[in-house]
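Trainee: Sharing a structure, written as structure tokens. Questions coming.
The values are calculated or read from the model by the stated rules, or taken from the named source; none is laboratory data. Predicted model, so just to flag it, every value in this text is computed and none were measured. So basically every Cβ, Gly included, is an ideal-geometry build from the backbone, and we count neighbours across all protein chains shown. The accessibility values were calculated without ligands, DNA or RNA, using every heavy atom of the protein model including side chains. Shrake-Rupley method; radii C 1.70, N 1.55, O 1.52, S 1.80 Å.
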Amino acid sequence: MEHANKSDVLRQGVIVFVFLALLTALEFFVAVQIGATVLLALIAFVKVGLVMYYYMHIYRLNLQDQDLDRHSDQYKLGTSRIGLWLFLLSDAFIFGGLFVSRFNLLGLGPLPLSPDSQFIAVTITSVLLLSSFFMNRAEVSMEHGDRRGFIVGISLTILLGLAFLAGVVVVEWPSAISAGVTPSSNAAGAVFFVMTGMHAFHVLTGVIFLSIVLRNGSRGLYSAEKHWAVESAAVYWHFVDVVWIFFYPALYLIGKLI
Amino acid sequence: MKKILTSALVRGLLWQFTGWIVGALFLTGIRVLMGLNAFATGGYFFTEPAWVFGALVGALSYVGSTGAMTDWFRWAKGEEVPEHREDPPGWEKYLNVSLDHKVIGVQYTATALFLLCVGGIFALIFRTELAHSGLQFLTLQEYNTFMSLHGIVMIVGILLGVAGLMNYLTPMLIGAQDMAFPRLNAFSYWVAPPAAILLLSTLVFGGFDTGWTGYPPLSERAPLGMQMFFLGVAVAGWASILGGLNLLATVLRMRAKGMTAFRMPIFVWAAIATSLISTTATQLIGLSFQMVMFQRLFGMGFFDSDKGGNPILFQHLFWFYSHPAVYVFVLPGLGIISELVPVFVRKPLFGYRFVAMSSLGIALVGFLVWAHHMFVSGMNPYLRIPFMFSTLLVAVPTGVKFFSWIATIWKGKIEMPTPMLFVVGGIVVFLLGGLSGPPNATVATDLHLQNTYWIVGHFHDTMFGGYIFPFFASIYYWFPKVTGRKMDERLGKLHFWMMTPSFLALTLLMMRVGLLGMRRRVADYDPALGFDNYHLVMTIGAYLIALSVLIFLYNLVVSIKRGEAAAGNVWNSRSPEWQVPSPMPVHNYDRPFEVIGEPYDYGLPGSVYVKFDDKKSKSH
Amino acid sequence: MRHYVIAGVLVIVLAVATYAGLMGIHLMPVEASAQSIPIDHLWNIEIAIISFLFALIMVPLIYSLIVFRRRKGDASDGEHIEGNNTLEITWTVIPLITVLVLAYIGTYTLGDVLAVDPSALEINVTARQWSWQFNYPQGFSSKELHLPVNRQVVLDMESTDVIHSFWVPQFRIKQDVLPGRITTYRITPILIGNYTVMCAQLCGTSHSYMTAPVIVSSQADYDTWIQTQVAAAAAAAQTPLGRGQQLVAQNGCTSCHSIDGSSTGIAPTWKGLYQSQVKLNNGTTVTADEAYLTESIVNPSAKIVNGFQDNVMPKTFGTTLTQSQISDIVTYIESLK
């Protein structure tokens, strides 16, 4: 296992976050000024690539551990990684199906959401991206044996996750409903609520997962050598962020040309 | 008796029932707080949302009460959990949570056999009604429910049987002690009984009248049983998804030394291809059903044209899974055929690499053909030609398998005990299924064939040939490995010779009447069509099939205690599991083995497939 | 070598016999539409391919099981033949070419089947649980589909409730009928006769019985029928009773309510209903007067007759029918003593 300098890795996390933030701003600009769906898709793929490489470290699937003892912790870690990514692949199909449904039902047109909704959406998107930033910091801290850094990072992640949930359920949904977009109003309403709802459900399960990891981490159950629970919670959390990277433009940005 | 009543299987039933009611009460309470009506007017006392929420809570209560999730909760609490767990001796381990893939495989197989019998009984009921035109004893609604349940119960039975084969065999075939994630494996099994209960509960909730395909708008206005169907399928789907995930991780990570990709037993390739589909595509049937459930519960208009929805969207989402699903049903069975033919003809599997690749090819192309179920649906007409091309392409890798089997059998030294009878039967029946495919693929002919008994004949042939016959072959073949005894040969032959001609008559007549105007999913048909005699023969065939299955079940049960002893390599197979005693040792291979030759080198003097390491011995 | 020759000959024999046998038992119904001809032509090509492939697999299989059966006392293994790449490529490429050719034939066959005649006769079709209604351009509705022979007809079809499907086996083509959109069905009948259109998409309880007569007649007979229908519609439109009878036919009421006293199991019969005593599912008894009949049409859930179900009768008649139309229907029901 590489033991890169902790502050180097943390700095890398900051740089990635800055790129993600800039790309999100670019996305918003493209949506309202240019209106090119293809560009929005491209930006989304770049954001996803950054998250999957730097935060989810997908390259760790290139295990190269065939010569290890099959019963060693290190080998089993590799097997668990494969299991987790297969799970995410499977879960991705649900979101893929919802994504396709949005375009089948509504074409490339916008959802009938209010300007308030746009502001709320940009806010909660930023909150979620920030939460991924802190999740990355938490995981890197744990990798380098910094328990305090881990606790701070994961606590902030949980708080931001809860903020995201509140933003969706307590702020955005009532706002949409008062604009006439309800689950039963029409196909657009149904799509909006099922997509934000399914995603929020995954954020909720992520928050529960992270809370368990926080509790166990505070009691000293994890170490730099052995912290699969932290790694898997982090990867799952970033996956939920990846889904939103696609859902946010699909729900809010496409067709919103001014 | 006490052991049965306190087993996880039975305990779970009580917990499911309790959880169902508690969940329904809970949601009713929430409704009251929200100012909505607490109870339903007419019918089932609780409202539909209450019953649905209760059903979900009930299913989770079943699984939770078995103990299949206990270790995970303990890990979450930060407790140490021993990695391995020994099962108690005796049969009670089959009724409780075990982490041993062999026990889980038997549990899956037994549950599958149970569901196949239940589904078969439903078929006998409505086949009796159909034997003569006019309605004799079923109402139209009863027919629709039995016919719909027959479909989904059989499908879930096949999925569980597939899981049984893959879970029991794969670790043994690759030299592993167990699957990669044993607790996940146990959990995957234990969601199946509550799912089955949900499906069967439709009978008391007014049934459902849409067929297993559940198309809206009809499914939106179907009785409450429709929701139990949707939820039951979703829960059963978890087993398929998680089981597939487990299998892929196992094959990638736990193969014996020297077992390179093209030195794996061919069944493992089939299992890989199957699992690639089941891990991914299954989510789409869950999603499509969830969307109809939400349409019913929350008025979400996905498929309601009055609200700007699109009923054809449902069909796209549904068939995106349900077509690849049929390859989940048949790829393992076809893998079994490839696995067993060399053993009984004492010749290498012809073109092993091509056969391995053909399983992957079928799985891949299988993802690209779904809309051939929708040629007459009113979907975008420009989609029809591309899907015709992709559908016809599936014939190519399928043909590779057939030609390989024939080339393997040709000039072999052939013996035909019961397992081989069912293998050959599978080849013949699947041939008919496959040959009746291309007319469905070419759109113009499909315009006539769609929704007729021709299609029913086509898929019964493919299902029996691709799954049921190889499934029976597997049970007769591996029974000694599980129990240390053989099943009775004469009863096995009787089973085969009673089932096969009856089944061929049944499906060939289905195709005949379908072409001449017999629609599918009808409770009654016009006597002027002249189909009465055909239907009578079909019903007689169905009863003969049922009788043959009874003979099989009798054979199975009696042989467990009184079968001829068979502790060694009964079939003289090169496969690793037959190089160790029967019943299979608890940890499979106390001495690990290394692969030093090809799996199917029959006829090559001195060739050995696996070599056991006499020095090392695994102690646990 | 001789094995290959014998098997080869047997393959040809079985293929020809299978093909002849299948062609000889008249698998398909009579060809009653112009579209059925290219479809059956493609079908026959497929039967030939199927017959050949059937023989190609079955003969070597059965031959082997007999000829290469292990002899008593012979405990040796078979020949160690692992494969043959040339053969593999051959039996991958040839089927690939075959399916591509078949797909090509399928493409132009579909083109033939869907060929549009711009002067086609247009008829509207409404499908509902569980009856068919045919609305002619001359302004009348019929429960029977009459068509002139040798003329292309395009049916514009829509459902009022769930997905149905329009199928006449002798015509071959079927097409699903959806709510909220129109699907089209083009057919050119070429054989005078009586056929049946059957719903081919499971649509609920009475799916089995959702059929209607299709009568293909000469142009002259067809024109006569049209004139008769137009006249009858005009005459019926003069009286409330006649209008009511037309509306009942148009809205498919009798697919659930019989008018001769027989029991459909789905809805109460109308014969003798007016002014009778009706027992409801809540135990009370009411008189089936005019107000009751009217309410039963616009608000079917208000009173459910004992032994029948709620949520079966469509609830939209209150909006799709005018008050005078409803009154006409009630007049008609009252007349059924």
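Trainee: Give B:Arg74, B:Arg85 a once-over and let me know the one that is open to solvent by 20 Å² or more (accessible area, probe 1.4 Å) and within 14 Å of chain A (Cβ to nearest Cβ).
Mentor: On inspection, the qualifying residue turns out to be B:Arg74.
Trainee: Out of all the residues in segment B:249-304, which are among the polar types (S, T, N, Q) and part of a loop (DSSP other than H, G, I, E, B)?
Mentor: Passing the criteria: only B:Thr260.
Trainee: Further question on the same structure: Of the residues that make up segment B:254-274, is at least one over 29 Å from B:Asp590 (Cβ atoms) and surrounded by 24 or more Cβ atoms within 10 Å (Cβ to Cβ)?
Mentor: Yes, there is a match, as at least one residue in segment B:254-274 is over 29 Å from B:Asp590 (Cβ atoms) and surrounded by 24 or more Cβ atoms within 10 Å (Cβ to Cβ).
Trainee: Also, I was wondering about something else. Just checking, does segment C:59-74 include any residue being facing another protein chain (nearest Cβ under 9 Å), in contact with an Asp or Glu (Cβ under 9 Å, 6 or more places away or on another chain) and of a type in the set (D, E, K, R)?
Mentor: Yes, that holds for at least one residue.
Trainee: For segment B:559-582, name all the residues that are open to solvent by 20 Å² or more (accessible area, probe 1.4 Å) and under 25 Å from the mean Cα position of the chain (by Cα).
Mentor: Result: B:Ile560, single match.
Trainee: Let me ask something additional. Please give the helices (runs of 4 or more DSSP H) falling wholly within segment B:438-525 in which 3 or more residues are under 23 Å from the mean Cα position of the chain (by Cα).
Mentor: Result: B:453-463, B:469-483, B:489-516.
Trainee: Let me ask another. Tell me the residue from B:Gly54, B:Gly105 that is closer than 30 Å to C:Asn282 by Cα, of a type outside the set (Asp, Glu), at pLDDT 95 or above and open to solvent by less than 10 Å² (accessible area, probe 1.4 Å), please.
Mentor: Of the residues listed, the single one that is closer than 30 Å to C:Asn282 by Cα, of a type outside the set (Asp, Glu), at pLDDT 95 or above and open to solvent by less than 10 Å² (accessible area, probe 1.4 Å) is B:Gly54.
Trainee: Has segment B:426-440 got any residue that is open to solvent by 10 Å² or more (accessible area, probe 1.4 Å), within 11 Å of chain C (Cβ to nearest Cβ) and more than 30 Å from C:Thr107 (Cβ to Cβ)?
Mentor: Yes - at least one qualifying residue is present in segment B:426-440.
Trainee: Could I ask something else about it? For segment A:1-59, how many residues meet the condition of being open to solvent by 80 Å² or more (accessible area, probe 1.4 Å), closer than 29 Å to A:Phe103 by Cα, at pLDDT 90 or above and not hydrophobic (A, V, I, L, M, F, W, C)?
Mentor: 1
Trainee: Another question, then. Would you tally the residues in segment C:281-299 being open to solvent by less than 60 Å² (accessible area, probe 1.4 Å) and modelled with pLDDT under 90?
Mentor: Of the residues in that region, 1 qualify.
Trainee: For segment C:94-101, state whether one or more residues are touching a residue at least 40 places away in the same chain (Cβ under 8 Å) and surrounded by fewer than 22 Cβ atoms within 10 Å (Cβ to Cβ).
Mentor: So far as segment C:94-101 goes, yes, one or more of its residues are touching a residue at least 40 places away in the same chain (Cβ under 8 Å) and surrounded by fewer than 22 Cβ atoms within 10 Å (Cβ to Cβ).
Trainee: Just to be sure, is A:Val171 in contact (Cβ under 8 Å) with a residue 40 or more places away in the chain, closer than 30 Å to B:Lys307 by Cβ and open to solvent by 50 Å² or more (accessible area, probe 1.4 Å)?
Mentor: Details: in contact (Cβ under 8 Å) with a residue 40 or more places away in the chain: yes; closer than 30 Å to B:Lys307 by Cβ: yes; open to solvent by 50 Å² or more (accessible area, probe 1.4 Å): yes.
Yes, satisfied.
Trainee: Scan segment A:60-110 residue by residue and report those that are polar (S, T, N, Q), more than 8 Å from every other protein chain (Cβ to nearest Cβ) and open to solvent by 40 Å² or more (accessible area, probe 1.4 Å).
Mentor: Of everything in segment A:60-110, those that are polar (S, T, N, Q), more than 8 Å from every other protein chain (Cβ to nearest Cβ) and open to solvent by 40 Å² or more (accessible area, probe 1.4 Å) turn out to be A:Asn62, A:Gln64, A:Gln66, A:Gln74.
Trainee: Give segment C:138-162 a look and list any residue that's within 14 Å of chain B (Cβ to nearest Cβ) and touching a helix residue (DSSP H, G or I) at 6+ places or on another chain (Cβ under 6 Å), or say none.
Mentor: C:Val162 - this is the single residue of segment C:138-162 that is within 14 Å of chain B (Cβ to nearest Cβ) and touching a helix residue (DSSP H, G or I) at 6+ places or on another chain (Cβ under 6 Å).
Trainee: Looking at this structure, is C:Tyr19 modelled with pLDDT of 95 or more, within 9 Å of another protein chain (Cβ to nearest Cβ) and over 29 Å from C:Val154 (Cα atoms)?
Mentor: no
Trainee: Any chance segment B:442-457 includes a residue that's under 19 Å from B:Pro332 (Cβ atoms), touching a residue at least 12 places away in the same chain (Cβ under 8 Å), within 10 Å of another protein chain (Cβ to nearest Cβ) and crowded, with 24+ Cβ neighbours inside 10 Å?
Mentor: Taking every residue of segment B:442-457 in turn, none turns out to be under 19 Å from B:Pro332 (Cβ atoms), touching a residue at least 12 places away in the same chain (Cβ under 8 Å), within 10 Å of another protein chain (Cβ to nearest Cβ) and crowded, with 24+ Cβ neighbours inside 10 Å.
Trainee: How many residues, within segment C:163-178, are open to solvent by less than 10 Å² (accessible area, probe 1.4 Å), within 7 Å of chain B (Cβ to nearest Cβ) and without any contact (Cβ under 8 Å) to a residue 40 or more places away in the chain?
Mentor: Selection size over segment C:163-178: 4.
Trainee: Give the residues of segment A:202-226 that are under 13 Å from the mean Cα position of the chain (by Cα) and surrounded by fewer than 16 Cβ atoms within 10 Å (Cβ to Cβ), sorted by residue number.
Mentor: Selection gives A:Thr205 alone.
Residues checked against (1) within 14 Å of chain C (Cβ to nearest Cβ); (2) crowded, with 22+ Cβ neighbours inside 10 Å; (3) touching a helix residue (DSSP H, G or I) at 6+ places or on another chain (Cβ under 9 Å):
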{"site": "B:Gly299", "(1), (2), (3)": "no, no, yes"}
{"site": "B:Lys307", "(1), (2), (3)": "yes, no, yes"}
{"site": "B:Pro324", "(1), (2), (3)": "no, yes, yes"}
{"site": "B:Leu331", "(1), (2), (3)": "no, yes, yes"}
{"site": "B:Val341", "(1), (2), (3)": "yes, yes, yes"}
{"site": "B:Phe344", "(1), (2), (3)": "yes, yes, yes"}
{"site": "B:Pro348", "(1), (2), (3)": "yes, yes, yes"}
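This table checks each residue for (1) open to solvent by less than 30 Å² (accessible area, probe 1.4 Å); (2) facing chain C (nearest Cβ under 9 Å); (3) out of contact with any His (no Cβ under 6 Å at 6 or more places or on another chain); (4) within 29 Å of C:Ser165 (Cβ to Cβ).
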| position | (1), (2), (3), (4) |
| --- | --- |
| B:Leu364 | no, no, yes, no |
| B:Trp370 | no, no, no, yes |
| B:Met374 | yes, yes, yes, yes |
| B:Tyr382 | no, no, yes, yes |
| B:Phe389 | no, yes, yes, yes |
| B:Lys401 | yes, no, yes, no |
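Trainee: Could you grab me the full set of residues in segment B:130-158 that are open to solvent by 30 Å² or more (accessible area, probe 1.4 Å) and under 10 Å from the mean Cα position of the chain (by Cα)?
Mentor: Hit for segment B:130-158 is B:Met154, nothing else.
For every residue, the table says whether it meets (1) assigned to a helix (DSSP H, G or I); (2) more than 10 Å from every other protein chain (Cβ to nearest Cβ); (3) touching a helix residue (DSSP H, G or I) at 6+ places or on another chain (Cβ under 6 Å); (4) polar (S, T, N, Q).
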residue: A:Val181; (1), (2), (3), (4): no, yes, yes, no
residue: A:Gly189; (1), (2), (3), (4): yes, no, no, no
residue: A:Met195; (1), (2), (3), (4): yes, yes, yes, no
residue: A:Met198; (1), (2), (3), (4): yes, no, no, no
residue: A:His202; (1), (2), (3), (4): yes, yes, yes, no
residue: A:Ile208; (1), (2), (3), (4): yes, no, no, no
residue: A:Ile212; (1), (2), (3), (4): yes, no, yes, no
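Trainee: So, in segment C:216-257, of the ones that are among the hydroxyl-bearing types (Ser, Thr, Tyr) and either over 28 Å from the mean Cα position of the chain (by Cα) or modelled with pLDDT under 90 (or both), which residue ends up surrounded by the fewest Cβ atoms within 10 Å (Cβ to Cβ)?
Mentor: Taking segment C:216-257 as the starting set, the residues that turn out to be among the hydroxyl-bearing types (Ser, Thr, Tyr) are C:217-218, C:222, C:224, C:228, C:239, C:254-255.
With either over 28 Å from the mean Cα position of the chain (by Cα) or modelled with pLDDT under 90 (or both) added as a condition, the list becomes C:239, C:254-255.
Details: C:Thr239: 13, C:Thr254: 17, C:Ser255: 21.
Checking each candidate, the answer is C:Thr239.
Trainee: While we're here: Conditions: (1) within 11 Å of chain C (Cβ to nearest Cβ); (2) crowded, with 22+ Cβ neighbours inside 10 Å; (3) touching a residue at least 12 places away in the same chain (Cβ under 8 Å). B:Leu218 meets all but one. Number of the miss?
Mentor: (3)
Trainee: Contact list please: Cβ distance under 6 Å, first residue in segment A:19-42 and assigned to a loop (DSSP other than H, G, I, E, B), second residue of a type outside the set (D, E, K, R), pairs at least six apart or on different chains.
Mentor: Listed by first residue and then by second, the contacts come to A:Gly35/A:Leu257.
Trainee: Can I ask one more? How about segment B:134-177: which of its residues are in contact with an Asp or Glu (Cβ under 7 Å, 6 or more places away or on another chain) and farther than 25 Å from B:Phe208 by Cβ?
Mentor: B:Pro171, B:Met172, B:Leu173
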